[in-house]
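I'd like to ask some things about the structure below.
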């Protein structure tokens, strides 16, 4: 038996429409495909680097969202984006005067796209301005900062959502759906990796900006994936780290990290991350009745799912289902879906799929992984 | 730049002819492609299961080797193979009378293809008969037994070789060659897995026969691969095991095991094995200048190597080399090469590539992995 591409794509599309993700990811109750609203949510984008560029495209294409302000240390860059997205130049702010956002009624919420070490300060600052906060992952550089961000948003009665874009990405959602439907049986183990060779001039390599190394930046995708694939919270970790002592890039943060995870049900996972090598992000999930692979799994486009399993007790060698869901969207739909979701949460006063508490969990788990590898994280 | 298939295949073929493997795998000094000798080495095959069938094909196709005796508890099966390979029925033995092999001058050596728990007894028995011993991996079920096998073969002045067939497999050798040539730079980390869903009636699931679970049987391929890929001996391990308590197959041995390894140079590896899920054997090796993947890596046929790296300091995105070496041999050449190698060692009085000491190392490492996972191995 083989499911046709068309049939499979239809199933994927239905994921959102049927609200299936609600079962997959706790508290995701609004559909991914937003219905037009009479009101648009206005966003101030803070930090105008690479990830901001993608988020701005996502906001721009989201029916109920619009970019209404920009915060940057580079006026010329901000003016270029302002022209592109129709933001009045009067709504361009610097880091020094961004508190004036308080008095800008066109701004309901902020997107924080700054280096990791600045997430806490700017989240708390925005919350105090009465703005809802979308903050990139990792949500902070210390567990205490992550908790302070949650507390500040609660005190200000604003929403806090952490940027786990794979929660809104169709190939990952299809993998979760197959697993929850029992297609590959009971999960036994997971393998995952994600890494890249980091340029020597990147802020990520400076502890004062990045906080820590590749686990914080890309390994977190593997960690988070083992959680959304199993639907479980990890019970324990063990890890090794290694930095090439002759590579000047790794004076501040680790270069390579491998870790294993044990989940309460018994499921075991082995993961790798690196700032020294290009590791295409992937995961393989092995179950009692089959297995599936998403490779690449954490990219902006070109994701592919293959699942090998049997139905009706027929042995795998006799009956294999192979699904292919190449995701070739030019403007990554995951960013649009993510913007849709946060916007709907604001419009309908609902808790986001990945609130601050989701980010805090990963912060706590990363601290345990680092501790096992002999690296101190606050 | 791309290396053509033909050029690449020529390189592979030259591996043996140039004796390149000598540098890759310590003490492998004889070429994989054996030259005909005036004398043929005669083998008694002990145990006639699936792996014996492959070894017999390997011996049969090896120019200086022949099957001269069979030892089995199933006379009918032995007679079938005797007819196939021209073994006189007078040279069929049972386990009870196999000591009569001592007086069979046509038998120089034995191939031990029995369940793991019988390796030590039959290796020591064969050594006392004055026969060289080829023994399947894992070489024993306890470290003490492995040492006793080495001691017995030394005392009897016979050779002992452990069946690490990947040491003679062209795709694995091509991967080692690329690494040693520096194509992917300094190795940073390795990921590997190998597992299968074990039939409920297999001897592997009984501790008294298999000794332990999938690490012993298939995980050992990943463990050994991390060693031959790095050329290093592991410094430490950490592991988790999990057996589904509702699956009656796993009352005696573990179902799933994941582990991480740290090597003295700092290289880190993450590995998985299972008797509960079909994990196609693979490894990915990440280096400072690129990476390579062999998938499948431990099969009898259909192995494939892909390497992604740059030369001359050109960045990877600008210049990528992709090698493909599909191994589609119908009768796995690795078994022929393995028989060639052991035969040449006997003919030329040389130490095999993988002597008892190589098997003992993996036994010791597996005991450390099990210890970390809370499983007692003697």
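The values are calculated or read from the model by the stated rules, or taken from the named source; none is laboratory data. Note that the structure is predicted; figures quoted are calculated from it, not measured. Cβ placement follows ideal geometry from the backbone for every residue including glycine, while neighbour counts extend to all protein chains displayed.
Within the bounds of the stretch B:4-18, is there any residue that is under 22 Å from the mean Cα position of the chain (by Cα) and modelled with pLDDT of 95 or more?
no
I'd like to know if the stretch B:182-189 contains one or more residues that are surrounded by fewer than 24 Cβ atoms within 10 Å (Cβ to Cβ), touching a helix residue (DSSP H, G or I) at 6+ places or on another chain (Cβ under 9 Å) and either touching a residue at least 40 places away in the same chain (Cβ under 8 Å) or in the same structural domain as residue B:362 (by TED's automatic domain parsing) (or both).
Scanning the stretch B:182-189, I find at least one residue that is surrounded by fewer than 24 Cβ atoms within 10 Å (Cβ to Cβ), touching a helix residue (DSSP H, G or I) at 6+ places or on another chain (Cβ under 9 Å) and either touching a residue at least 40 places away in the same chain (Cβ under 8 Å) or in the same structural domain as residue B:362 (by TED's automatic domain parsing) (or both), so the answer is yes.
I'd like the full set of residues that are in a strand (DSSP E or B) and either under 16 Å from residue B:269 (Cβ atoms) or facing chain B (nearest Cβ under 7 Å) (or both), limited to the stretch A:237-255.
A:238, A:239, A:240, A:241, A:242
Which condition does residue A:303 not pass, out of (1) more than 11 Å from chain B (Cβ to nearest Cβ); (2) within 16 Å of the chain's Cα centre (by Cα); (3) at pLDDT 90 or above, if it passes all the others?
(3)
For residue B:87, are the conditions met, namely being free of Cβ contacts under 8 Å to residues at least 40 places away in the same chain and buried (at least 23 other Cβ atoms within 10 Å of the Cβ)?
Working: free of Cβ contacts under 8 Å to residues at least 40 places away in the same chain: yes; buried (at least 23 other Cβ atoms within 10 Å of the Cβ): yes.
So residue B:87 passes the test.
Also: Does the stretch A:61-85 hold any residues that are touching a helix residue (DSSP H, G or I) at 6+ places or on another chain (Cβ under 9 Å) and in a loop (DSSP other than H, G, I, E, B), and which are they?
A:62, A:63, A:64, A:72
Could you figure out which of (1) more than 14 Å from every other protein chain (Cβ to nearest Cβ); (2) closer than 28 Å to residue A:57 by Cα isn't true of residue A:231?
(2)
Could you grab the pairs with beta carbons closer than 6 Å, sequence gap of 6+ or different chains, first residue in the stretch B:220-231 and outside the structural domain of residue B:364 (by TED's automatic domain parsing), second one buried (at least 23 other Cβ atoms within 10 Å of the Cβ)?
Close Cβ pairs (under 6 Å, with a partner that is buried (at least 23 other Cβ atoms within 10 Å of the Cβ)) do not exist here.
Of everything in the stretch A:92-104, what is over 27 Å from the mean Cα position of the chain (by Cα) and touching a residue at least 40 places away in the same chain (Cβ under 8 Å)? Give them in sequence order.
Of everything in the stretch A:92-104, just one residue is over 27 Å from the mean Cα position of the chain (by Cα) and touching a residue at least 40 places away in the same chain (Cβ under 8 Å), namely A:104.
Could I ask something else about it? Consider residue B:219 carefully, then state whether it is within 14 Å of chain A (Cβ to nearest Cβ), surrounded by 18 or more Cβ atoms within 10 Å (Cβ to Cβ) and under 25 Å from residue A:284 (Cα atoms).
So residue B:219 passes the test.
What residue, of B:131, B:66, B:137, is touching a strand residue (DSSP E or B) at 6+ places or on another chain (Cβ under 8 Å) and closer than 18 Å to residue B:165 by Cβ?
Within the list B:131, B:66, B:137, the selection yields B:137.
Scan (1) closer than 27 Å to residue B:240 by Cα; (2) within 13 Å of chain B (Cβ to nearest Cβ); (3) surrounded by fewer than 23 Cβ atoms within 10 Å (Cβ to Cβ) for the single condition residue A:199 breaks and write down its number.
(1)
Any residue at all in the stretch A:177-187 that is within 17 Å of the chain's Cα centre (by Cα) and at pLDDT 95 or above?
Looking through the stretch A:177-187, none of the residues is within 17 Å of the chain's Cα centre (by Cα) and at pLDDT 95 or above.
Could you please find all residues in the stretch A:256-277 being facing another protein chain (nearest Cβ under 7 Å), under 22 Å from residue A:366 (Cβ atoms) and in a loop (DSSP other than H, G, I, E, B)?
A:267, A:276, A:277, listed by residue number.
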